[in-house]
Amino acid sequence: MTEISKVINVKYELNEIVEEAYKALRANIQFCELNKKIKTLAVTSCIPNEGKSTVAINLSICMAKAGIRVLYVDADLRKPASFKYLVSNLKGLANYLVGHVSLEEIINATDIEGFNFITCGMKPNNPGDLIASDKFGDFLFEIEKLYDIVIIDTPPMSNFIDGAIIATQTGGTIIVAEAKAVKWKTAVMMKNQLQKANANILGVVLNKISAADYKNYNGNYYYQSPKNSSNKWLIWKGKRHKHD
Ligand SMILES: Nc1ncnc2c1ncn2[C@@H]1O[C@H](COP(=O)(O)OP(=O)(O)OP(=O)(O)O)[C@@H](O)[C@H]1O
Ligand SMILES: [Mg+2]
């Protein structure tokens, strides 16, 4: 792999408790790998704002901290997360897909060892076509050779088909669901669409749970929310604890 000269500083400040939740998520994803290694992982949700990008980036960093070589790819070409959470003005996925730049030019190294990322890049006129193109499939094929895992952030499925198209081509998919935000029917429709796309759904991250509800899910075994923390909880319902 070509040496990356530029190193981006990433602000990563999770309190101990939230970090613990990500470690649990990381472990649960690894449990899903008993039969086959998951090299590409799509992170999707029903509706906007449920926490896909937050979960995808924090999970990527959490994996990197465990010595896994991780690439985070912002494949939401419509509403980029990388601009909000990482950096702006970098050439990224869209630049590569329209054929302007090489793979090496869009990969960014960071001060967190093992954590690289690709932003969405330029704002394209035809984001859906780019994600559906053969070039995106070729991109995944090439990029997964370079990392232990590639984590792909996607647009919400209620708005766009991109998430299903990406999930078709990845080894696993996780669904981020904001607690009390999505109707059961909508969630089932999304699950059906992913299954039609032959996605390997590993499980659901239930995000933004209030401390009180978290206690209900976990009985007496729960952590006190830190004072002044805006963080809510996240928990995992995966293949090993199937709730159909
Ligand atoms: N567990 C959490 N506790 C508190 N706030 C959270 C949590 N998870 C995400 N958020 C906040 O919710 C907002 C939306 O998060 P994020 O951008 O990750 O969602 P998204 O699903 O990627 O949105 P979009 O559909 O627009 O891409 C952000 O302000 C983020 O900081
Ligand atoms: Mg997002």
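To keep it simple, each residue is scored yes or no on (1) within 16 Å of ligand 2 (Cβ to nearest atom); (2) touching a Phe, Trp or Tyr at 6+ places or on another chain (Cβ under 8 Å); (3) of a type in the set (Phe, Trp, Tyr).
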| site | (1), (2), (3) |
| --- | --- |
| ASN35 | no, no, no |
| ALA42 | yes, no, no |
| PRO48 | yes, no, no |
| THR54 | yes, yes, no |
| SER60 | yes, yes, no |
| ALA66 | no, no, no |
| VAL73 | yes, yes, no |
**Asked** If LYS145 passes every condition in (1) surrounded by fewer than 17 Cβ atoms within 10 Å (Cβ to Cβ); (2) over 25 Å from LYS23 (Cα atoms) but one, which one does it miss?
**Response** (2)
**Request:** Using the structure shown, decide if ILE143 is modelled with pLDDT of 95 or more, among the β-branched types (Val, Ile, Thr), under 20 Å from SER102 (Cβ atoms) and within 14 Å of ligand 1 (Cβ to nearest atom).
**Result:** no
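Could you name every one of the helices (runs of 4 or more DSSP H) located completely within segment 70-131 that has at least 3 residues being free of Cβ contacts under 8 Å to residues at least 12 places away in the same chain, open to solvent by 70 Å² or more (accessible area, probe 1.4 Å) and of a type in the set (S, T, N, Q)?
Numbers: elements: 82-85, 93-97, 103-106.
Passing ranges: none, list empty.
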**Message:** Can you pull out every residue in segment 149-183 that is open to solvent by less than 40 Å² (accessible area, probe 1.4 Å), of a type outside the set (A, V, I, L, M, F, W, C) and within 16 Å of ligand 2 (Cβ to nearest atom)?
**Reply:** ASP153, THR154, PRO155, PRO156, ASP162, GLY163, THR173
**Asked** Residue check: is THR186 open to solvent by 10 Å² or more (accessible area, probe 1.4 Å) and part of a helix (DSSP H, G or I)?
**Response** yes
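Restricting to segment 3-49, count the residues that are closer than 23 Å to ILE112 by Cα and either assigned to a strand (DSSP E or B) or hydrophobic (A, V, I, L, M, F, W, C) (or both). Before you say what the answer is, go through the steps one by one.
Looking only at segment 3-49, we keep the residues that are closer than 23 Å to ILE112 by Cα, and these are 3-30, 38-43.
Add one more test, that the residue is either assigned to a strand (DSSP E or B) or hydrophobic (A, V, I, L, M, F, W, C) (or both), and what stays is 4, 7-8, 10, 14, 17-18, 21, 24-25, 27, 29, 38, 40-43.
Of the residues in that region, 17 qualify.
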**Asked** Do we find a residue being modelled with pLDDT under 85 and open to solvent by 80 Å² or more (accessible area, probe 1.4 Å) anywhere in segment 201-216?
**Response** yes
**Request:** Test each condition in (1) within 16 Å of ligand 2 (Cβ to nearest atom); (2) over 23 Å from ILE8 (Cα atoms); (3) of a type in the set (Phe, Trp, Tyr) for PHE31 and report the one that comes out false.
**Result:** (1)
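Check whether at least one residue in segment 114-137 is among the acidic types (Asp, Glu) and within 19 Å of LEU71 (Cβ to Cβ), and report yes or no.
We begin by selecting, within segment 114-137, every residue among the acidic types (Asp, Glu); these are 129, 134.
After this cut, where a residue has to be within 19 Å of LEU71 (Cβ to Cβ) as well, the list is none.
No - not one qualifying residue is present in segment 114-137.
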**Complete:** Within segment 17-60, residues being surrounded by fewer than 17 Cβ atoms within 10 Å (Cβ to Cβ), in contact (Cβ under 8 Å) with a residue 60 or more places away in the chain and either away from ligand 1 (no atom under 15 Å from the Cβ) or among the basic types (Lys, Arg) (or both) number 3
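Condition check ((1) away from ligand 1 (no atom under 14 Å from the Cβ); (2) within 19 Å of the chain's Cα centre (by Cα)) across all residues:
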residue	(1), (2)
ARG69	yes, yes
LEU77	no, yes
LEU93	yes, yes
LEU103	yes, no
THR119	no, yes
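Looking at the structure I just gave you, is ILE161 within 21 Å of GLY51 (Cα to Cα), out of contact with any Asp or Glu (no Cβ under 7 Å at 6 or more places or on another chain) and among the β-branched types (Val, Ile, Thr)? If you could, list the steps in order and put the result at the bottom.
On the way: within 21 Å of GLY51 (Cα to Cα): yes; out of contact with any Asp or Glu (no Cβ under 7 Å at 6 or more places or on another chain): yes; among the β-branched types (Val, Ile, Thr): yes.
Considered against the rule, which asks whether it is within 21 Å of GLY51 (Cα to Cα), out of contact with any Asp or Glu (no Cβ under 7 Å at 6 or more places or on another chain) and among the β-branched types (Val, Ile, Thr), ILE161 comes out as yes.
The values are calculated or read from the model by the stated rules, or taken from the named source; none is laboratory data. In this text, all values refer to a predicted model and were calculated from it rather than measured experimentally. We place every Cβ from the backbone using ideal geometry, glycine too, and count neighbours over all the protein chains shown. The protein model used for the area step is the full one, side chains on, heavy atoms only, and it has no ligands, DNA or RNA in it. Shrake-Rupley method; radii C 1.70, N 1.55, O 1.52, S 1.80 Å.
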